[in-house]
């Protein structure tokens, strides 16, 4: 009993009366040694030199864990001349019974104990309890993980399973230092799974090295966990292959686990450092600070950022570059964070947008306001290149306001006057106002891969609102193009980022120079000016499904002529029903014809365009009314044209002519 | 409402009858695109209906009811498929309502489609009724 350092005074030698088989009964209020504390210990033995014995403790505190109703029964128990227990059985509430044998010999009090935890698993404890360097060594192979985790509440919903190989050395006394435990726990075939299967692991292997020492009522030490292999799924984040190492200093008190000098090396990404405090009983986080520098954004995105978006059906995006991160957490979650990106690159995996050489400083606070700063050296939206710009945004829990900024586009720029998001009654709303400076059409059309067009395009967006998934335009969007303008009014874009974006709008086109428009295409050349009105325009997935459109030559005095090729194109558009009301002989003689008016309308419903013209003539409708010499009229007869067929015909007659440089 | 139901039912019967032939005739470009996307995705979803990982819900969507039936490495991807499929299903109901000129019919169309999907589910697939899952 020498290793038992503290022994309560109430050692009572009882008479045989309380247990008929026992010659000796001992009772201790409490016994403690190193990391073991026993309460209400009773020993009943047939004799000191042999025979059966029974040792019970109402409570045992072993390395910080409480066991109730601990019981050891020995078939043959002796204290003299040497202590041994043979044919024993050890149990506690919820544990065992396990066959056990031990012996304690010689002046060094050499202990050897074997506990058979199962048919396959035996834990062996050996070592000296006395002498110059009293220490114990525990070796156990294939200990069930669930046995080690015991009743830990945080682990219960995940039903952890696995085998752990344990090698531990317990130095009981070392030059005035308190007892010290060094252990290596090697997990193999580890797996766990939540009921819904969204938090799970399989074939996990990991090695934990732990060095722990008693410090007053607490335990303190260091631990290193090396994840070596297996698969891990945590909600939408899936990791495989291991290669990540977590190390920390820790202090385990009655109420909390404090981790300091925390370092997490994430395979291929970089190192996070910090500290954390967890509630001991619930394993809930009380507070944590994490920081990391020069983290690889590409892998960080692939493993941790992208997956939650992908799980919600968002299109994938790609990030590259390096990032520094810092975050503070409290029981309510993320309290504040800062992300600094250097030399970054962000693009949509489908190539719809990209920003390059991105530098960003993005501070964030749960309960306060911050200013974020982003610069990009270049980028692309669709096929349109974007030049260097710097963006500042004020970010608070309920609003985000981007400061006015000019974003260079080709030879012009997009002036963002207002871009603001606000959360009202739990829902985010947005407001935008912008001007597009006049942009060279040759440059724009070249960038878009369209037929080269002349002139310039500019636009003014007075105010766009974003409410409940709908973008709507207040006032008119003015687009200056081809010497005239297009005014867009009543514009609504419903669920622009959804699977079926829908657009509602009216358009008004005035005084558009047909020369500039038609010279671009193989269509043929028309000189003149055009007005148009489109009402009830409805696009679904960016393709028209309904509208009432009417285009006509503008009022006023200006040269009006149409080339023979354009006449052919227009008649081809009308299909076999359209004819040019002029003798073929004349058509062949003249290159260009005069006209007085052009007018065509299309009412699109259910994939069919119902066409009409300036007036009716001989059961048809007049598309071009001749005037001057030589005059020419074009009459259509086919009033119902399939919209898809019309688009195909239009594509044929507008094939780009070669652009001569 | 009777008219709504009759028209929805007609649409659905028609859709149901020809869906399997890949020839749905509720013919707006948006609906055709949704149909194509859903048909292309169905080949990836079908084994997970059969395994019981996915089930058909009473509101005309699908749900990952038991991820344990999916190999761990594929669970992340299946979550994405489910989100995409539900996005398309929601859009489909909305589009059919719009195509018929009655956006307010969306809920009726959804519930009629839900019954139809469940009715046509293969034997062994999980379907939801009154919040409970059952195997057909």
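Since every read-out is calculated from the coordinates, none of them should be taken as a lab result. Here the structure is a predicted model, which is why all the values come from computation and not from measurement. All Cβ positions, even for glycine, are placed from backbone atoms using ideal geometry, and neighbour counts span all protein chains on display.
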Problem set entry | Cα gyration tensor shape for the stretch A:286-387, rounded if a/c is under 1.5, else prolate or oblate | prolate
Exercise. Measuring from centroid to centroid over Cα atoms, what is the spacing of the stretch B:100-136 and the stretch A:269-327 in Å?
Worked result: 39 Å
Exercise. Assuming R0 = 22 Å, what is the FRET efficiency of residue A:522 and residue A:550, from their Cβ-Cβ distance, to the nearest 0.05?
Worked result: 0.30
Exercise. Going by how many other Cβ atoms sit within 10 Å of their own, how do A:290, A:36 line up, fewest first?
Worked result: A:36, A:290
Seminar exercise, completed: Scaled by the rule-of-thumb 2.2 N^0.38 Å, the alpha carbon Rg for the stretch A:338-392 gives a ratio of 1.26
Problem set entry | Three-way shape label, the protein assembly as shown, alpha-carbon gyration tensor, a/c 1.5 | prolate
For this session: Kindly identify the stretch B:86-132 as rounded, prolate or oblate by the Cα gyration tensor criterion: order the square roots of the eigenvalues as a ≥ b ≥ c, call it rounded if a/c is under 1.5, otherwise compare a/b with b/c, prolate if a/b is larger, else oblate.
Result: prolate
Problem set entry | Computed over the stretch A:74-119: relative contact order in percent, which uses C-alpha pairs under 8 Å that are six or more apart | 28 percent
Exercise. Can you sort A:227, A:364 by how many other beta carbons sit within 10 Å, fewest first?
Worked result: A:364, A:227
Exercise. Per-residue ellipticity at 222 nm for chain A, helices alone: DSSP H runs ≥ 4 residues times -39500 (n - 2.57), over residue total, nearest 500 deg cm²/dmol?
Worked result: -2000 deg cm²/dmol
Exercise. Among B:129-135, B:77-83, A:122-128, what's the highest-first ranking by average C-beta atoms within 10 angstrom per residue?
Worked result: B:77-83, A:122-128, B:129-135
Seminar exercise, completed: Averaged over residues of B:89-99, the number of beta carbons from other chains lying within 10 Å of each residue's Cβ is 3
Exercise. Counting pairs of alpha carbon atoms under 8 Å apart in space and at least six apart in sequence, what relative contact order in percent does chain A give?
Worked result: 4 percent
Exercise. Once you average over the residues of B:70-80, how many Cβ atoms of partner chains fall within 10 Å of each Cβ?
Worked result: 6
Seminar exercise, completed: Taking r as the C-beta separation of residue A:93 and residue A:224 and R0 as 30 Å, the FRET efficiency to the nearest 0.05 is 0.35
Problem set entry | Cα-based helix-to-principal-axis angle, A:643-653 vs chain A, degrees rounded to 10 | 70 degrees
For this session: Just rank A:399, A:335, fewest to most, by other beta-carbon atoms within 10 angstrom.
Result: A:399, A:335
Seminar exercise, completed: Expected integer from the mean partner chain Cβ neighbour count at 10 Å over A:226-236 is 2
For this session: Could you work out how far apart the two model spin labels at residue A:126 and residue A:497 are, taking each label as a point 7 Å from the Cα in the direction of the beta carbon, and quote it in nm?
Result: 6.5 nm
Seminar exercise, completed: Between residue A:155 and residue A:381, Cβ-based FRET efficiency (R0 41 Å, step 0.05) works out to 0.25
For this session: Report, to the nearest 10°, how far helix A:564-573 tilts away from the longest principal axis of the Cα atoms in chain A, using its own Cα long axis and a range of 0 to 90°.
Result: 50 degrees
Exercise. What full-extension length gain, to one decimal in nm, is calculated for residue A:210 and residue A:37 as 0.36 nm per residue of separation minus the Cα-Cα distance?
Worked result: 60.1 nm
Exercise. Given the C-alpha centroids of the stretch B:46-83 and the stretch A:450-509, what is the distance between them in whole angstrom?
Worked result: 40 Å
